[in-house]
Structure formats: C-alpha cells, structure tokens
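J.: So that we are looking at the same thing, I have put the structure below in structure tokens.
The values are calculated or read from the model by the stated rules, or taken from the named source; none is laboratory data. Predicted model only: the values in this text are computed from it and were never measured. Note that we place each Cβ from the backbone using ideal geometry, even for glycine, and neighbour counts take in every protein chain shown.
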Amino acid sequence: MLHKQMKKFISSELMSKEQQIALYQEEKEYIEKYKLISDDVTLIEKDPTTRFLEAYIERCDKETEETLSKESFSFLEHPIDYLQKHKNEFLYLESNWLELIGVDAIAFEVNDVFGTYDVMVGLKLKKKFEATLKENLRKELLGDEAKFELMFNQGDGLWDLNFALNYVEGFKEEMSLEEAYRLIYRFLFKLVERTEERSMDVS
C-alpha cells in the first residue's frame, strides 16, 4: 500500500514540476531505499516543521466527541502537556500526508487512568498483515510497560490502533504538540514500511 501510494505521489509531483520533488525526510529515505525514481530527478528535502502546516485540526470533547473549536497550525506550538492540563479534550488531526501512509486521521489525548499520551488511528492495511503488524509493534514500542490495542474493523476495512506515544523512541515530556505529531507520523510511516517489507508485499 505504501509502495503504491509513494509511486502515485511521485507521478503527481513530476506532472506539476520539472524533474524535482519536494518532500520530507521519511519519504526521501523511502524513495532512495527502493530506488523509485530515475537519477535525473532531484529530491528536495523540506523543513520538517512545516509538515502539518496545512493540517485540519480540531479540539474535541472526550465525552461527547463534539468539536470544541477548530485550530490553526500555530496551536501545535503548545507544549504536549496541554493535554495533561485539559484531560477532557482530545485532538483530531487530518492531513494529506497521512493519506500517503494509509492513516485516516490521528486522535491524540491523555489516558485518564495511566496518564500516558495515547494515539488512536485507523490504519489501511490488509487483514493478512495482522501477525507482522503485532510483531513490529512489540519490537518498536520500548519498555516493559509498552502496550497497544489493535483490532481489525471489518466494516471500514481498517485496523483500529491505539498506542502510547511515551513508549516511542524519541519521545520527550517537554515536546511541543507539533513535535509529537511529527514523531507519531515517523513511527507510523516506519511501522507500515516494515510491515509491508516483512510480508514481501511491496510490488
């Protein structure tokens, strides 16, 4: 899925620009690793802090799931502990970059019981990837207390995945929300890549 989406992304970028593609570190590394472009195409790496500049962001009420307010990119400058101070809220973020990795949106909140920063996503991967997906999650989430919830939603054809960002390599208590979302994206990108790689389904 990621492989196909990446090829589609390259095609659309090359149609609008002359032999150059502007993208971020994760996509650049992937394209180079799998040799998805010819040598005459230039890859321009964008400033990572701009990834979610165009994202659609909402603050929502946990209990009712009602939207409290729509936010601009500048809201992500808040420290991550904004969620600790507003435990009744969760953040909802949509972005075109998420489509690339087969994620519908990212919901982000503080767990009321454990106080961890919980990430909830719907992941577009086939059901056959279950064993590899679980294996990769166990390997990539650090620490003895690291847990995740993974369930295949037959109706949507999505994996409902819930994990604590605290156990992802690179997590820091003093991060901004913007840094947290970039870390979530990188984690999910690598998770999808390794899952497809292990299943030899990158055709």
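J.: Return the residues of region 131-151 that are touching a residue at least 24 places away in the same chain (Cβ under 8 Å) and over 15 Å from residue 168 (Cβ atoms); say none if nothing qualifies. It would help to see each step written out before you state the result.
T.: Residues of region 131-151 that are touching a residue at least 24 places away in the same chain (Cβ under 8 Å), as a first pass: 132-133, 135-137, 140-143.
Residues satisfying the conditions are 132, 133, 135.
J.: Let me ask another. Does residue 57 satisfy being at pLDDT 95 or above and closer than 23 Å to residue 159 by Cα?
T.: Working: at pLDDT 95 or above: yes; closer than 23 Å to residue 159 by Cα: yes.
Spelling it out, residue 57 is indeed at pLDDT 95 or above and closer than 23 Å to residue 159 by Cα.
J.: Do we have residue 83 as in contact with a Leu (Cβ under 6 Å, 6 or more places away or on another chain), surrounded by 15 or more Cβ atoms within 10 Å (Cβ to Cβ), assigned to a helix (DSSP H, G or I) and not charged (D, E, K, R) here?
T.: Details: in contact with a Leu (Cβ under 6 Å, 6 or more places away or on another chain): no; surrounded by 15 or more Cβ atoms within 10 Å (Cβ to Cβ): yes; assigned to a helix (DSSP H, G or I): yes; not charged (D, E, K, R): yes.
Considered against the rule, which asks whether it is in contact with a Leu (Cβ under 6 Å, 6 or more places away or on another chain), surrounded by 15 or more Cβ atoms within 10 Å (Cβ to Cβ), assigned to a helix (DSSP H, G or I) and not charged (D, E, K, R), residue 83 comes out as no.
J.: Answer yes or no as to whether residue 76 is under 20 Å from residue 103 (Cα atoms), surrounded by 15 or more Cβ atoms within 10 Å (Cβ to Cβ) and not assigned by TED's automatic domain parsing to the domain that holds residue 101. Give the steps one after another, and end with the answer.
T.: Details: under 20 Å from residue 103 (Cα atoms): yes; surrounded by 15 or more Cβ atoms within 10 Å (Cβ to Cβ): yes; not assigned by TED's automatic domain parsing to the domain that holds residue 101: no.
No; evaluated as a whole, the condition is false for this residue.
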